[in-house]
Amino acid sequence: MTDPTTATTARNYWEHTVRDDATALDEGALRGPVSADVVVVGAGFTGLWAAIHLSELDPSSRIVIIEQAEVGHGASGRNGGFCSGDVTHGFANSLKHFPKEARELHDIGRDNLRRIVDFIRENNIDCDLQVEGTTQLATSEFEAKELRDFSRQLADYGVAHTVAEPDDLNEVIRSSRWRAGITQGTEAAVMLNPLKLARGLARVARSRGVQIFRDTPALALRETADGVQIDTPVGHVDARQVIVATSAYSGWLPSLRKWFVPVYDYLMVSEPVDPERLDAVGWRSLGGFIEASNQFHYFRRLPDNRLLWGGYDAVYYKGKVGSRFDHRPEIFEGLRARFADTFPELADVDFPFQWGGAIDTTTRFTVTFGHLPRRRGVFVLGYTGHGVGATHWAAEIAARSLVDPGNEQLKLRMVRSRPIPFPPEPLRSIGIRVMQHELAKADRRGGRRGPILKLLDAMKIGFDS
């Protein structure tokens, strides 16, 4: 049975698992002016990793982080905990946008994941780390053919993976919906509790002298004679340089709005399920599962035998973000219905934890970087749901661009180039609605894309959930 108190007071399951006091991770709200060598805006994964990288690259640097709410408030503390070993939203996306760099970016991603795992272990961060891989699942014969074709492409580039046919999948996770799958191992992904990771990173950053101010939203960025000034309602920060790491909340800086759109993703976590019931559907792995369709679900078994189930809908609220969009009953009803359809043996499982959050996406689905005027700082945004892992690398790129501008990775086309910008409203909303309609229609046709999507593919523009 659902605990009604839990259901109403801890909608985000990750918040339910954190026992410490968030206020112990920061200095409280800013009170009056403060100065720094580098000010980082945003205490999510990008901002925290950036501060940690800066502390390693330039230990004498004075670093201040300001955050509109608390550590991990945004996507960093709301996602499904899939920490991927890629930095480009998957190898297929690398081939689409950066074919000459695809193999190098693949290697960077795998090395990046290894470094994250090492850092977690070396710093004793308790974030329920599960060193497991992921399996992508085809839900139609057309998708199965595409996965098999993609397998041959992966083999050509020497990317380790395993193709699973329906009988093979029944040994891993049983459902009548699966037609084929591709599994990539522990070098490709790990699972974790993202809010615990964010809290752990904050502790490491503070131990290195980084100041973190909560309840301090950035209102404006202004150039000064020798740097920048970030205005907030409770004071301002003067610094030589700035890293803007606000992801889906970056609308506060007008110059960034063209590079991304914030879309809302929703997920649920169940009550604990009897392990015997999970074994009955072959669900023994603590790895991650992702459907191959345009509107896809992602799901995983948590260490306490709860089930995480999310995805499918990507909702655009005309650029708006905020807590009022975190709960949509009709979306959770749809998630429940599709879970029951996928696993009828588990149809009665209750999901007391239900929440949503904003994801920042670009037209090429990858993180993008840019310098602010007169190179007073950099911005980083656009992870499109793959930020748990990619933020570590992207934050290092941002930090090196300030203190190590000759670094070889700064020469990558992925780092130097920008995606196609989104048009202004109302064209932005119209375009997103058309794309979502076409993606849903393609799924109804088993994955076959119509002429509009084929044109967008040729233009290297994408948008899905």
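The values are calculated or read from the model by the stated rules, or taken from the named source; none is laboratory data. Just so it is clear, the structure is predicted and the values come from calculations on it, not from any experiment. Positions of Cβ are backbone-derived with ideal geometry, glycine not excepted, and every protein chain shown enters the neighbour counts.
Could you grab the pairs with beta carbons closer than 6 Å, sequence gap of 6+ or different chains, first residue in the stretch 201-215 and farther than 10 Å from ILE52 by Cβ, second one in a strand (DSSP E or B) and at pLDDT 95 or above?
From the stretch 201-215, the pairs are GLN211/VAL64; ILE212/ILE65; PHE213/ILE66.
Can you tell me which of (1) out of contact with any strand residue (DSSP E or B) (no Cβ under 6 Å at 6 or more places or on another chain); (2) touching a residue at least 24 places away in the same chain (Cβ under 8 Å) is the one SER35 doesn't meet?
(1)
Taking the stretch 56-97, which residues are surrounded by fewer than 21 Cβ atoms within 10 Å (Cβ to Cβ) and of a type in the set (Lys, Arg)?
The answer is ARG62, LYS96.
Which condition does GLY356 not pass, out of (1) in contact with an Asp or Glu (Cβ under 6 Å, 6 or more places away or on another chain); (2) in a loop (DSSP other than H, G, I, E, B), if it passes all the others?
With respect to (1) in contact with an Asp or Glu (Cβ under 6 Å, 6 or more places away or on another chain); (2) in a loop (DSSP other than H, G, I, E, B), GLY356 is out only on (2).
Please work out if LEU455 is of a type outside the set (Lys, Arg), within 25 Å of the chain's Cα centre (by Cα) and part of a helix (DSSP H, G or I).
No, not satisfied.
Here is a list of conditions, (1) touching a strand residue (DSSP E or B) at 6+ places or on another chain (Cβ under 8 Å); (2) in a helix (DSSP H, G or I); (3) under 16 Å from THR366 (Cβ atoms); (4) of a type outside the set (Gly, Ala, Ser), and MET414 meets all of them except one; can you say which number that is?
With (1) touching a strand residue (DSSP E or B) at 6+ places or on another chain (Cβ under 8 Å); (2) in a helix (DSSP H, G or I); (3) under 16 Å from THR366 (Cβ atoms); (4) of a type outside the set (Gly, Ala, Ser) applied to MET414, the lone miss is (1).
Being basic (Lys, Arg) and on the phi < 0 side of the Ramachandran plot, is that true of even one residue in the stretch 326-336?
Among the residues of the stretch 326-336, at least one is basic (Lys, Arg) and on the phi < 0 side of the Ramachandran plot, which makes the answer yes.
Among the residues in the stretch 418-436, are any among the basic types (Lys, Arg) and not in a helix (DSSP H, G or I)?
The answer is yes, given that some residue of the stretch 418-436 is among the basic types (Lys, Arg) and not in a helix (DSSP H, G or I).
Those residues that are surrounded by 18 or more Cβ atoms within 10 Å (Cβ to Cβ), in a loop (DSSP other than H, G, I, E, B) and more than 23 Å from the chain's Cα centre (by Cα), I need them from the stretch 119-176; list them, please.
Within the stretch 119-176, THR139, SER140, VAL172, ILE173, SER175 qualify.
Considering the stretch 279-298 alone, what residues qualify as being touching a helix residue (DSSP H, G or I) at 6+ places or on another chain (Cβ under 8 Å), among the hydrophobic types (A, V, I, L, M, F, W, C) and surrounded by 20 or more Cβ atoms within 10 Å (Cβ to Cβ)?
ALA292
Does the stretch 370-380 hold any residues that are touching a Gly at 6+ places or on another chain (Cβ under 9 Å) and under 25 Å from ILE432 (Cα atoms), and which are they?
Of everything in the stretch 370-380, those that are touching a Gly at 6+ places or on another chain (Cβ under 9 Å) and under 25 Å from ILE432 (Cα atoms) turn out to be PHE379, VAL380.
Could you tell me which of the residues ARG336, ARG364 is surrounded by 14 or more Cβ atoms within 10 Å (Cβ to Cβ) and either in a helix (DSSP H, G or I) or over 23 Å from the mean Cα position of the chain (by Cα) (or both)?
None of the others qualify; the one that does is ARG336.
Could you give me the residue pairs with C-beta distances under 6 Å whose first residue belongs to the stretch 437-449 and is assigned by TED's automatic domain parsing to the domain that holds ASP313 and surrounded by 17 or more Cβ atoms within 10 Å (Cβ to Cβ), whose second residue is in a loop (DSSP other than H, G, I, E, B) and of a type in the set (Val, Ile, Thr) wherever it lies, and which are 6+ apart or on separate chains?
Every condition considered, no pair remains.
For the stretch 193-261, which fully contained strands (runs of 3 or more DSSP E) count at least 2 residues that are at pLDDT 95 or above and crowded, with 19+ Cβ neighbours inside 10 Å?
211-213, 227-232, 235-244
What is the residue count in the stretch 85-112 for residues that are aliphatic (A, V, I, L, M) and in contact with a strand residue (DSSP E or B) (Cβ under 7 Å, 6 or more places away or on another chain)?
0
Which ranges mark the strands (runs of 3 or more DSSP E) fully within the stretch 1-104 that have 2 or more residues being farther than 30 Å from GLY227 by Cβ?
82-84
Please determine, by comparing only the residues of the stretch 308-320 that are surrounded by fewer than 21 Cβ atoms within 10 Å (Cβ to Cβ) and part of a loop (DSSP other than H, G, I, E, B), which one is modelled with the lowest pLDDT.
The qualifying residue modelled with the lowest pLDDT is ASP313.
Checking the condition part of a loop (DSSP other than H, G, I, E, B), touching a helix residue (DSSP H, G or I) at 6+ places or on another chain (Cβ under 7 Å) and either at negative phi or assigned by TED's automatic domain parsing to the domain that holds ASN305 (or both), which residue from PHE351, PHE369 passes?
Answer to the selection: PHE351.
For the stretch 235-258, indicate whether the set of residues that are closer than 30 Å to ASP167 by Cα and in contact with a Leu (Cβ under 8 Å, 6 or more places away or on another chain) is non-empty.
Keep residues of the stretch 235-258 that are closer than 30 Å to ASP167 by Cα, which gives none.
Checking the stretch 235-258: not a single residue is closer than 30 Å to ASP167 by Cα and in contact with a Leu (Cβ under 8 Å, 6 or more places away or on another chain).
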